[in-house]
1. Can you work out the Karplus-derived ³J(HN,Hα) for every residue in the range A:87-96? Use 6.51 cos²θ - 1.76 cosθ + 1.60 with θ = phi - 60°, whole Hz, and x for glycine or proline.
2. Report ³J(HN,Hα) in whole Hz for each residue of the range A:166-174, in order, from the Karplus equation J = 6.51 cos²θ - 1.76 cosθ + 1.60 where θ = phi - 60°; Gly and Pro get x.
3. Which shape class applies to the range B:100-233: rounded if a/c is under 1.5, otherwise prolate when a/b exceeds b/c and oblate if not, where a ≥ b ≥ c are the square roots of the Cα gyration tensor eigenvalues?
4. Along the range B:217-231, what does the Karplus equation 6.51 cos²θ - 1.76 cosθ + 1.60 (θ = phi - 60°) give for ³J(HN,Hα), rounded to whole Hz, x for Gly and Pro?
5. Can you list residues from other chains, or at least 5 along the same chain, whose modelled amide H is less than 5 Å from the amide H of A:ASP212?
6. Summarise the partner chain shielding of A:14-23 as one whole number: the mean count of Cβ atoms from other chains within 10 Å of each residue's Cβ.
7. Let's test the formula: R0 of 35 Å, r as the Cβ-Cβ distance of A:TYR162 and A:MET28. What FRET efficiency results, to the nearest 0.05?
8. Given a Förster distance of 35 Å, report the FRET efficiency between B:GLN195 and A:LEU20 from their Cβ-Cβ distance, rounded to the nearest 0.05.
Amino acid sequence: MAYKKVLKLLVYLLFAVLVLMPLFVIFMLAISKTWNYPSLWPKWVDWGYYFRFLVTNTEIQSSLLASMELAVGTVVLTILIAYPTAMALSYYDFRGKKLLNILVYLPMIIPGIAVLTNMDFIMIKYGLNGSFFGVVSAHTLFCLPYAIKLLYDNLILWKDKYEVASRNLGATPLQTFFKVTIPLNKNGLQGAVMMSYIVSMTQYLGTLLIGDGNYITLSVRMFPFTTEGKYRIAAVYGITFMLVTLIPLYLIDIWVTHKGRKPA
Amino acid sequence: MGMEKLSLHYYTDALNDKVFLKIFFRTFVFALFSAGMACFMGTVLAFLFKRNDNPFTKPFFKLAQLPVMLPHIFIVLALIQLLSQTGLVSSLLTRIGIIHSYNSFPLLLNDQWQIGIILTYLWKEVPFVIVSLVLVLRQMDNRYRIVADNLGATKWQAFWNVSLPLLMPAIVNAFIINFSFNFGSYEVPYLLGNQTKEMLPVYIYDLYVQGDYTQLPMIMSLNLILSVFSIIFAGSVLWLSKHLPGGHTGGI
C-alpha cells in the first residue's frame, strides 16, 4: 500500500512540475534582463521592470483594452444566444430538435481554419470585417457550443418544474426567469460565462483575420514578439494575460460560492 | 470575373492534387495521434484525481484547470525557452556534462516529427480531458462499481467493464473536440511546425492570404472537403463508440 501511495505522489508531483514549469519560466523571463544560453538562471533580475512596462507602454494598454472589450462583448452575445437555446433544448420537444442538437456542436467539429477563412470572406462581403460586431460574432461562434452544453447540463437537472410552479403561483415570466431559473441554474451560468471569457481571450486567428488589425488583443500581440525572438516582451504580455484571466475568474468563483452560502 | 458557371472541377482538382492529399493525410495522422495520446493520459490521470479522500486531489484539480485557461502562444513561448537547442534544458545538460555543446541537443521544435506541436497540444489538452472527466466521475454512481466488487469482479474487471463504459461518452466527446482542434488550428503549426513537413491549416492559410481572387473557389472547395471530412469522422467515431463491445452509451 505504501509503495502505491509513493507512486501516486510521484505522479502528482510530476504533473505539478509539468504544469507549473512553463508558468515559472515565463514569469522569470518577464522580470529578467539577460537570460541567454548557457546560463541556467537570469543574470539580472529586475522586479520593477514589469510594472514600469505596464504603466508606461501604451501598446500593452491598448491591447488590454481591446481584449477586455471583445471578451465582455462576446460573453454578453454568447449568453444572449445560448440561454434561450439551452432552455429550448432542455425544456421542450419540438420538430428538428435532434438537428439543432447536432448544429450546436458543429463549430467544435469543423476545423477552425475552414470556418475562419470562409467567415472572413463573408464578413468582407457584408462590410463587417474590422468591426466590433464582426469580431465578437466570430468569437461567439466558438463559445456557443461550450456555453450551450454547460447551461443545458445544468438546466436538464430540474427541467421546468419550478418555473411551472412559479408561473402557477402568479409570477410574471420575467420574475420567474430572474428569481427561479437563474438562481437554480447558477453553476451552469457561471461555467458558461467563464468558458466564453476564456475562449474569447485566447482567440488568435479569428481576431486577426476578421479584426483587420483593428483589434490587437494580448494573445495577438504575443505572436510577432515570439516569432521575432523578443521573448522578454512576449513574456510580459503573457503575464498580463494570466493576471487578467485568472483574477476575474477567481473573483467570480468566490463571489458565486459566497452567495451560495447565504441562507435564502 | 469569369466565375459565372457552376462547376465541380475545383473539387476534382483538389482530390487529384498530390500535394494537398499528402498534407491532408499527414495532418490527419498527426491529429489522430496527438488527440489519442491526450485522451489516454487524461483518462489515466483523471482516475488518479477522482478520489476525494486524498489531500492532494483538490489542489491538483485546480492546477489542472490552469492550462485550459491559457492561450497556446503562452506554452509555445515557454517551450521555446525550455526546449530549443539553446534553451534551458540544453543548458542544464551541457552543465551536467551529458552533451558538449548545444549542437548535440536534439531538435525538438520545428522538427520533422512535429514533437513541439504535440507537446504543446498535450500540455493544453491532457488537463482539458482531466477537467471534463473528473466532473463526470464525481457525479457517477459509485454503486455500480460496488455491485461489481460485490459480485467478485477484480479491480481491473470493475474498471474495464463498469467504470470505463460509463465514462466512454465523455472520453469520446473530448477526443472529437481535441481531434478537430488539432486537425484545423493554425497558430501552433505555424509557430512550431517544420517547413518541409507542412500542416494543412498553414497550407490553407497561406493559400488564402497570398492567393488572388481567382484562387478563392479552390480554397472554398478545400475548406468544404475538410469540413465534410471532419463531420463524417466525428460521426463515425461516435457510431463506433456506441457499437464496439464495452463502449455503450453509458447505460444510464
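1. 5, 4, 5, 8, 8, 10, 9, 8, 5, x
2. Residue by residue, the range A:166-174 yields 5, 5, 5, 7, x, 6, 6, x, 5 Hz.
3. oblate
4. x, 4, 5, 4, 5, 4, 4, 5, 4, 4, 5, 4, 4, 4, 5
5. A:GLY130
6. 6
7. 0.10
8. The value I calculate is 0.60.
Values quoted throughout were computed directly from the atomic coordinates according to the rules given, and no laboratory measurement underlies them. Worth saying up front: this structure is predicted, and the values here are computed from it rather than measured. Glycine also receives a Cβ, built like all others from the backbone with ideal geometry; neighbour counts cover every protein chain displayed.
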